[in-house]
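Chemist: Sharing a structure, written as structure tokens. Questions coming.
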Amino acid sequence: MTGPTTGTLRVPGATLHHEVRGRGPLLLLIPGGAGDAASYDGVADTLAAAYTVATYDPRGMSRSTLDDPGAAQSVAEHADDAHRMLELLSPDAPARVFGASSGAITALHLLATHPERLACVVAHEPPVVEVLPDAAVHRALVARVRETLRTDGLGPAMAEFARGLAAPGGDDRDTAGAPEPGLEVALPPQAAARAERTMANLPYFVGGIVPPFMSYLPDVERLKRHAHRLVLAAGRDARGEVPHRAAEALAGRLGVDLRHFPGGHTGLTTHPAEFGALLGATLRAAAPAPAVSPPARA
């Protein structure tokens, strides 16, 4: 399969890099964490057999530049970016949307504010910690991470963040979603470039994205009205970790089932073939593609 078509979209305060491949109904993939459009390289080509698959770098990440690099970020602004991508790429038909981690929070806000533009949303482990009974613990974590970043730098801040999200007594490597400092791994050029961009994005992610996204409280009542369009997902190996707990709690508040996907919080990267296959099946079940009418007889 040929590579994606790339382009840019001007939005208020930023210019977004996006990539498009395939044909069919639009499927917008929203990255999470410090990732960018390449987060979906492991599944995008497979999904492009049935969909027009669009991925992009969220504002401030990688090739999506901010007019003001120090501008405060908000979930609403990131969701507006996603909405503008839908307007550009699928102006006349509802789209499918998948979001992972902080990208799943963006997808939830998009569903709450623009439900008419969406056929379905699959939100994988949105860390909406404000729905948890121990939300105050996680607010304190975010404050510690910000202070650690200020006083001790990125490595200690990431370690503090990973410890705070891990299951009690568990292994936090999958939750952190970043390479271990000092770990040398020979990567193919494309993967090496992606890893380099991810590392470069980490200070912005920790300092600019984590605080507003982890303080976000979803509009449960509005989401309930559109729960038939929503699939909440979590990693089957992530039970007990904070993002899994948050997704589970939100599912309970909304009265929907929690769908388990392969791997942990970063199962998209660690189990791409299984993850992509299940995502495709989930999308087909949640929002079947419209039937194509046979040509009229003469």
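Chemist: Could you please give the count of residues in region 38-57 that are touching a helix residue (DSSP H, G or I) at 6+ places or on another chain (Cβ under 8 Å), assigned to a loop (DSSP other than H, G, I, E, B) and free of Cβ contacts under 8 Å to residues at least 60 places away in the same chain?
Modeler: 1
Chemist: Which one of Val137, Val97, Val121 is among the hydrophobic types (A, V, I, L, M, F, W, C) and more than 23 Å from His18 (Cβ to Cβ)?
Modeler: Val137
Chemist: Same structure, new question: Restricting the search to region 245-262, which residues are over 22 Å from Ala285 (Cβ atoms) and under 17 Å from the mean Cα position of the chain (by Cα)?
Modeler: Arg245, Ala246 - these are the residues of region 245-262 that are over 22 Å from Ala285 (Cβ atoms) and under 17 Å from the mean Cα position of the chain (by Cα).
Residue by residue, here is whether (1) under 12 Å from Val75 (Cα atoms); (2) out of contact with any His (no Cβ under 7 Å at 6 or more places or on another chain); (3) part of a strand (DSSP E or B) holds:
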residue: Val97; (1), (2), (3): no, yes, yes
residue: Ile105; (1), (2), (3): yes, yes, no
residue: Leu108; (1), (2), (3): yes, yes, no
residue: Leu111; (1), (2), (3): no, no, no
residue: Glu116; (1), (2), (3): no, yes, no
residue: Val121; (1), (2), (3): no, yes, yes
residue: Glu130; (1), (2), (3): no, yes, no
residue: Pro133; (1), (2), (3): no, yes, no
residue: His138; (1), (2), (3): no, yes, no
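Chemist: Which of the residues belonging to region 101-144 are over 12 Å from Val231 (Cα atoms), hydrophobic (A, V, I, L, M, F, W, C) and either modelled with pLDDT under 95 or crowded, with 24+ Cβ neighbours inside 10 Å (or both)?
Modeler: Ile105, Leu110, Val128, Val129 - these are the residues of region 101-144 that are over 12 Å from Val231 (Cα atoms), hydrophobic (A, V, I, L, M, F, W, C) and either modelled with pLDDT under 95 or crowded, with 24+ Cβ neighbours inside 10 Å (or both).
Chemist: Scan region 58-95 for residues that are part of a loop (DSSP other than H, G, I, E, B), touching a helix residue (DSSP H, G or I) at 6+ places or on another chain (Cβ under 7 Å) and hydrophobic (A, V, I, L, M, F, W, C) and jot them down.
Modeler: Listed by number, the list holds a single entry, Met61.
Chemist: Being more than 22 Å from the chain's Cα centre (by Cα), modelled with pLDDT under 95 and at positive phi narrows it down to one of Gly153, Gly170, Gly182, so name that one.
Modeler: Gly182
Chemist: Still on this structure: Where residues in region 145-156 are surrounded by 19 or more Cβ atoms within 10 Å (Cβ to Cβ) and among the hydrophobic types (A, V, I, L, M, F, W, C), which of them is nearest to Ala166 (Cα to Cα)?
Modeler: Val145
Chemist: Here's a follow-up. Looking only at region 10-37, which residues are surrounded by fewer than 22 Cβ atoms within 10 Å (Cβ to Cβ) and not in a strand (DSSP E or B)?
Modeler: Pro12, Gly13, Arg23, Gly24, Pro25
Chemist: If you don't mind, another one. Over 22 Å from Ala123 (Cα atoms) and either of a type outside the set (A, V, I, L, M, F, W, C) or out of contact with any helix residue (DSSP H, G or I) (no Cβ under 7 Å at 6 or more places or on another chain) (or both): does that describe Gly24?
Modeler: It is false that Gly24 is over 22 Å from Ala123 (Cα atoms) and either of a type outside the set (A, V, I, L, M, F, W, C) or out of contact with any helix residue (DSSP H, G or I) (no Cβ under 7 Å at 6 or more places or on another chain) (or both).
The values are calculated or read from the model by the stated rules, or taken from the named source; none is laboratory data. No experiment lies behind these values; they were computed from the predicted model shown. Neighbour counts are summed over all protein chains in view; Cβ atoms, including those assigned to glycine, are modelled from backbone coordinates with ideal geometry.
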